[in-house]
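Have a look at the structure below before the remarks.
The values are calculated or read from the model by the stated rules, or taken from the named source; none is laboratory data. Predicted model only: the values in this text are computed from it and were never measured. Here the Cβ is made from the backbone with ideal geometry for all residues, glycine too, and neighbour counts use every protein chain on show. Areas reflect the complete protein model, heavy atoms only, side chains present, ligands, DNA and RNA absent. Shrake-Rupley method; radii C 1.70, N 1.55, O 1.52, S 1.80 Å.
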Amino acid sequence: MPQTSPRTALPGSEVPLAAGARVLGAAHPDERFEVTVRVRRRAELAPPAALAGNGKQRAHLSREQYAAAYGANPAELGKVEAFARHYGLIVLETSVARRSVFLSGTTAQFEAAFGVAIEQAEHKDGVSRVHSGALTVPAELAGIVEGVFGIADAPVALPHFRIHAASNGANGHGHGHAHAHAAGTSFTPPQLATLYDFPAPLDGSGQCIAIIELGGGYRTADINNYFKRIKVQAPTIKTISVDGAKNRPSNINSADPEVMLDIEVSAGVAPKALIAVYFAPNTDKGFLDAITMAIHDSVNKPSVISISWGAAEKNWSAQALRNFDQAFQSAAALGVSVCCAAGDAGSGDEDPDRGTPDGLAHADFPASSPYVLACGGTSLTASGAHIASETVWNNDPLRSASGGGVSDFFALPPYQQGAGVPPSVNPGARVGRGLPDVAADADPATGYQVRVDGRDIVVGGTSAVAPLWAGLIALMNQKAGHSMGFLNPMLYGIGADAQAFHDIVSGDIGAYQARPGWDACTGWGSPDGSGLLRALNG
């Protein structure tokens with residue numbers, strides 16, 4: 001490939017510099033790292049509604065069928081490999097299904113290959129690689145390459161949990177800004193499954209729940225002690241390393257509460273489902289690689305994926321937003337449900353304790369992708385085995401409230417056309433993808449009893465809602481005998497069905513107010529699991 005070949009800029013490859021970041025200078029030319037190059041599909045997939053099917057009939061593709069029909073063209077992957085080798089880069093792996101070429105090289109080699117200057121920048125989380133301007137590729141690869149990930153490696157996502165102050169001393173910790181609330185209570189996952197009428201007697205047998213983690217870890221002793229205490233069979237857990245990341249538990253001030261919350265909640269309602277935990281670095285490359293690995297995992301074959309990490313859309317590059325969304329579209333075609341936490345900092349989605357909010361409303365990504373089930377939060381009070389009241393979770397609209405709102409990037413999907421999604425409150429009043437789709441208990445003051453690093457604590461946040469819904473979907477898959485898959489078009493077809501959802505009509509998340517039917521605080525509401533299953537199969 002001649003070095004004089006004309007070059008084309010990759011659309012959307014500019015990476016936003018973190019707020020307050022300071023560029024230090026050029027990265028060391030001999031630093032070695034890895035990059036993922038994403039290649040286009042060989043054919044376009046169907047629109048969202050066509051990927052849903054209905055409750056009794058599915059037309060999902062097998063992973064082998066998907067790779068053959070919609071994976072990358074091997075000849076185009078070969079062109080990327082040849083391009084990489086021309087610049088001295090090492091091809092580590094190529095995947096047709098994941099449409100990816102995984103490369104290793106030095107700073108100098110990647111600068112030459114992608115026509116960009118790579119620098120270092122200091123920010124609140126440390127020092128990371130950055131680049132200014134768009135990446136470029138030879139004209140022969142224009143249209144073939146859809147994204148390049150890993151050159152910039154700043155952390156991209158936050159875990160969406162909040163530790164209740166009363167269970168963790170005075171103020172929670174860095175991720176869990178715990179704010180005291182009026183007298184509340186806490187629940188085990190089986191108790192919430194009873195309150196939300198999850199279909200019984202089911203245990204998730206035959207299902208695999210994938211959990212994406214970008215830090216932290218779990219201890220088997222904690223898992224065994226926890227499930228013994230709540231009198232539920234301990235789950236089978238498999239750990240999958242992505243891009244060298246490992247299960248690394250440390251202490252309660254890390255991301256360990258996120259990992260334990262995800263495992264204990266999902267397995268607490270579906271104990272016989274295989275729990276596959278994909279540990280990846282907290283970068284756009286690591287996050288995307290973990291998602292595509294889980295979606296196309298032909299060994300563990302997840303039927304549902306739970307993601308409790310995210311950040312405001314404005315913090316992502318356009319190529320990241322597009323490529324993650326395409327991955328979730330692939331999941332829909334395969335019949336894999338994806339549940340994503342909608343955020344814990346209200347309609348602004350920018351906790352002022354972790355940055356400087358810009359005063360606008362922001363949807364959290366990846367929850368804002370039209371191909372995922374966005375999970376919002378409520379505050380729940382029980383009376384025995386029944387729900388006494390349920391309102392929008394909002395203890396502090398800046399620091400401790402459900403995420404939601406209207407996407408500034410993704411258009412309104414067809415299945416939301418009749419839902420009454422309001423215009424964005426931001427300048428321009430755009431009507432885009434509305435979120436969340438559904439909700440469940442997330443208030444740390446009415447939160448989830450979990451065990452983390454040898455301690456029993458109470459945790460809330462929409463991080464708990466994603467695995468709770470993932471567990472419910474695993475139960476519904478088991479009962480139905482097939483994967484429910486991409487639920488959104490069906491859920492919006494059901495609409496405000498009082499037998500399927502508890503409509504949340506009281507409360508707000510700052511800029512958006514609850515109302516009857518769908519709203520940008522809790523979507524359609526919290527589940528009546530048995531009623532929802534009947535409605536989906538009806």
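Quick notes on this structure:
- Over the chain, dividing the summed -39,500 (n - 2.57) contributions of all DSSP H runs of at least 4 residues by the number of residues returns a 222 nm mean residue ellipticity of -7000 deg cm²/dmol.
- Spin-label model distance (nm) - ALA68 vs ARG229, 7 Å beyond Cα toward Cβ: 5.0 nm
- Dipole magnitude of the range 248-400, debye to nearest 20 (Cβ charges: Lys/Arg +1, Asp/Glu -1, about Cα centre): 480 debye
- Its Cα gyration tensor gives the chain an equivalent ellipsoid; the semi-axes, largest first and in whole Å, are 36, 25, 23.
- Straight-line cross-link reach from LYS314 at under 13 Å between alpha-carbon atoms covers these aspartates and glutamates, not counting any fewer than eight positions away in the same chain: GLU14, ASP349, GLU350, ASP358, ASP364, ASP408.
- Ranked by how many other beta carbons lie within 10 Å on average, peptides 288-298, 214-224 from highest: 288-298, 214-224
- Between the helical axis of 462-480 and the longest alpha-carbon principal axis of the chain there is an angle of about 80 degrees.
- Label sites at ASN537 and LYS272, each approximated as a point 7 angstrom past Cα along Cα to Cβ, lie 1.6 nm apart.
- By accessible area with a 1.4 Å probe, ligands and nucleic acids excluded, highest first: order of ARG455, ARG85: ARG85, ARG455
- Under the convention that each Lys and Arg Cβ holds +1 and each Asp and Glu Cβ holds -1, the size of the dipole of the range 319-373 around its Cα centre is about 340 debye.
- Between the Cα long axis of helix 284-295 and the first principal axis of the chain there is an angle of about 60°, rounded to the nearest 10.
- Annotation: amide H of TRP393 within the under-5 Å range of GLY377, THR378, SER379, SER402, sequence separation 5 or more or interchain, hydrogens built in the peptide plane.
- Residues of the range 437-538: accessible area per residue with a 1.4 Å probe, Å²: 24 Å²
- Alpha carbon centroid spacing (whole Å) that separates the range 335-358 from the range 60-106: 32 Å
- In order along the range 513-528, the phi-based Karplus estimate (6.51 cos²θ - 1.76 cosθ + 1.60, θ = phi - 60°) of 3J(HN,Hα) comes to 10, 5, 7, x, x, 5, 8, 8, 10, 10, x, 7, x, 8, x, 9 Hz; Gly and Pro are listed as x.
- Lysines whose Cα lies under 30 Å from that of LYS231, excluding same-chain neighbours fewer than 8 positions away: LYS246, LYS272, LYS301, LYS479
- FRET efficiency, ALA385 to ALA112 (Cβ-Cβ, R0 60 Å, nearest 0.05): 0.40
- Here the simple spin-label model places points 7 Å from the Cα toward Cβ, and for ARG455 and ASN426 these points are separated by 3.7 nm.
- Degrees separating the helix 318-334 axis from the principal Cα axis of the chain, which is the longest one: 60 degrees
- Computed accessible area, ASP30, all protein chains, 1.4 angstrom probe, square angstrom: 110 Å²
- Here the accessible area is traced with a 1.4 Å probe on the protein chains. For the range 337-455, carbon and sulfur cover 53 percent of it.
- Most to least packed among 348-355, 374-381 [average Cβ atoms within 10 Å]: 374-381, 348-355
- Gain on full extension, evaluated as 0.36 nm per residue between ALA221 and ALA139 minus their Cα-Cα distance, stands at 24.0 nm.
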